[in-house]
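The next block holds one structure in the form of structure tokens; read it before the comments.
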Amino acid sequence: MSLNILVDADSMLPAMRAIILRRAVKGNIETVFASDRLLKDVEEAVKNHTAQLRAPLRQVLDKTEIRKVRSSIRMAIVPQGKDSADDYIVSLADENSLVISHDIPLLSRVIEKGAAAIDDRGNVYTKENIRTRLSERDVNGILRQMQVFDGKTKRFDARTVEKFANAFDSMITSLSV
């Protein structure tokens with residue numbers, strides 16, 4: 001089986017989605033963006049990718065066959081509610097999946113299913129390091145409740161976007177071999 005990318009798109013910044021979309025189009029990689037709302041940038045990318053795939057076939061296939069050619073990218077709109085996108089992604093994840101999310105518990109769940117996992121800041125998660133990250137998350141939550149720690153995370157800047165792009169590209173390359 002070939003690689004597929006599963007994106008927890010609800011909290012994914014457009015800059016990160018653009019990186020994922022470019023690579024998905026370039027490699028024609030099966031990619032699912034799960035969200036509780038329509039994302040215009042993903043919808044536009046699906047439309048453009050479908051047109052790109054169909055263009056060279058217009059001279060050789062009839063209209064019925066051309067309509068069967070579709071983008072490998074899709075938008076999955078899930079019901080609103082806690083963990084609905086997460087549950088959907090977990091249901092699709094397997095050892096051929098790369099899951100991208102900011103949600104550490106979600107990444108833990110897909111790692112258990114054998115999927116590769118990366119967050120939106122370019123951090124790669126494995127069976128070896130996910131428990132530590134979950135523990136850190138829990139401690140930070142307790143500190144926030146005690147008002148000892150404000151929980152503010154570092155803002156996204158050009159370096160963060162670059163780190164994500166490099167880590168994402170490395171993961172795609174290593175998983176495609």
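The values are calculated or read from the model by the stated rules, or taken from the named source; none is laboratory data. What you see is a predicted model, and the numbers here were worked out from it, not measured in a lab. Neighbour counts are summed over all protein chains in view; Cβ atoms, including those assigned to glycine, are modelled from backbone coordinates with ideal geometry. Just the protein is used for accessible areas: all its heavy atoms, side chains included, with ligands, DNA and RNA removed. Shrake-Rupley method; radii C 1.70, N 1.55, O 1.52, S 1.80 Å.
Roughly how many percent of the accessible protein surface of region 38-86 is carbon and sulfur, given a 1.4 Å probe and a whole-percent answer?
52 percent
Run the 1.4 Å probe and let me know the accessible area of HIS102, rounded to the nearest 10 Å².
80 Å²
I need the phi-derived Karplus couplings for region 34-39: 6.51 cos²θ - 1.76 cosθ + 1.60, θ = phi - 60°, integer Hz, Gly and Pro marked x.
Karplus-based 3J(HN,Hα) across region 34-39 equals 9, 7, 8, 8, 5, 10 Hz.
Could you state the accessible area per residue of region 36-100 in Å², with a 1.4 Å probe and every protein chain left in place?
That works out to 63 Å² for each residue.
Net charge near ARG67: determine it from the other residues with C-beta under 12 Å of the C-beta of ARG67, scoring Lys and Arg +1 and Asp and Glu -1.
Combined, the nearby Lys, Arg, Asp and Glu give +3.
Using the per-residue mean of other Cβ atoms lying within 10 Å as a proxy for protection, in what order, highest first, do the peptides 116-122, 52-58 fall?
116-122, 52-58
Mean residue ellipticity at 222 nm from the helices of the chain, using -39,500 (n - 2.57) per DSSP H segment of n ≥ 4 over the full residue count, to the nearest 500 deg cm²/dmol?
For the chain, the value works out to -15500 deg cm²/dmol.
Please figure out what share of the DSSP beta bridges in region 1-87 is antiparallel and state it in percent, rounded to the nearest 5.
0 percent
Take every DSSP beta bridge whose two residues both sit in the chain, then give the antiparallel share in percent to the nearest 5.
10 percent
On the full set of protein chains, 1.4 Å probe, figure out the accessible area of ASP8 and give it in Å² to the nearest 10.
10 Å²
Looking at the chain, do any whole DSSP H helices span at least 18 angstrom along their long axis by alpha carbon and average -0.5 or above on Kyte-Doolittle, and which?
Span-like helices in the chain: 14-27, 158-176.
Which residue, SER97, SER108, SER11, tops the fluctuation ranking in a GNM of the chain built on C-alpha contacts under 10 Å?
Maximum fluctuation in the GNM of the chain, among the listed residues, is at SER11.
For LYS113, what is the net charge nearby, where nearby means another residue's Cβ is under 14 Å from its Cβ and Lys, Arg count +1, Asp, Glu -1?
So the surrounding residues net to -3.
How big is the accessible area of THR50 in square angstrom, nearest 10, if you roll a 1.4 angstrom probe over the protein chains?
Spelled out: THR50, probe radius 1.4 Å, area about 20 Å².
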